[in-house]
Amino acid sequence: MAIKMKLFITTCFLCIFLSGIHSGCRQHEDLLLGKKEIFITLNSKARKSDCDTILITCIDYRFAYRNQEFLNNKLGLQDKYDHISIPGSIYNLVNPNTQEVVLNKILSTKNFHLTKCIMIIAHKDCGGYGGSSSFGSDIAEEEYLSEDLRKAREILLKKYPILRIDLYIESLTLDGVQFKKIH
């Protein structure tokens with residue numbers, strides 16, 4: 001089962017990566033409209049090289065913008081976090097076969113900045129877990145993801161006992177994306 005899941009995640013990653021190269025990148029070749037450079041203003045607070053939070057999420061496009069909005073606007077962390085985005089990230093953190101990849105990314109980020117907190121956001125209907133249909137019910141899916149988030153916290157606290165670890169599950173609703181804190 002673990003080998004099939006790893007193969008599935010690798011295949012998904014390659015498909016997403018390759019589709020971006022062949023379709024997404026070509027569609028945006030003319031973004032500069034004849035200019036060689038575009039400058040986007042930077043918040044003066046973002047010029048410093050330390051931030052106190054690492055955010056770990058899946059790459060799922062359905063949640064990407066809302067994750068940033070949640071951290072920036074609801075939690076007040078704009079320009080104060082590094083973002084690690086990995087397909088099925090929570091799955092990869094608790095899976096011994098792929099765990100080291102995630103831990104190395106966390107270590108690199110932690111060493112570059114003054115990290116005090118790691119936030120992990122898992123989402124329902126994650127392809128890394130086979131989607132919502134593989135759980136049988138919404139309750140079973142939430143319990144499973146909650147348990148994996150707690151396992152991830154244990155793994156991280158063993159390596160970094162002084163860090164605060166915050167856990168969330170997000171899900172798509174008719175009104176948008178709902179975030180739920182896991183204790």
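Taken together, the values in this text are just the output of simple stated rules run on the coordinates, not laboratory data. All figures in this text were calculated on a predicted structure; none of them were measured in a lab. Here the Cβ positions follow ideal geometry from the backbone for every residue, glycine too, while neighbour counts run over all protein chains shown.
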Among the listed pairs LYS36/LYS105; LYS110/LYS158; LYS159/LYS180; LYS74/LYS181; LYS36/LYS110, give every one whose C-alpha distance is greater than 23 Å. LYS36/LYS105; LYS159/LYS180; LYS36/LYS110
Local net charge near PRO161, Cβ-Cβ under 12 Å (Lys/Arg +1, Asp/Glu -1): +3
Net dipole in debye of the stretch 59-135 [+1 Lys, Arg Cβ; -1 Asp, Glu Cβ; about Cα centre; nearest 20]: 180 debye
Taking the mean number of other Cβ atoms within 10 Å as a proxy for protection, how do you rank 56-64, 154-162 from highest to lowest? 56-64, 154-162
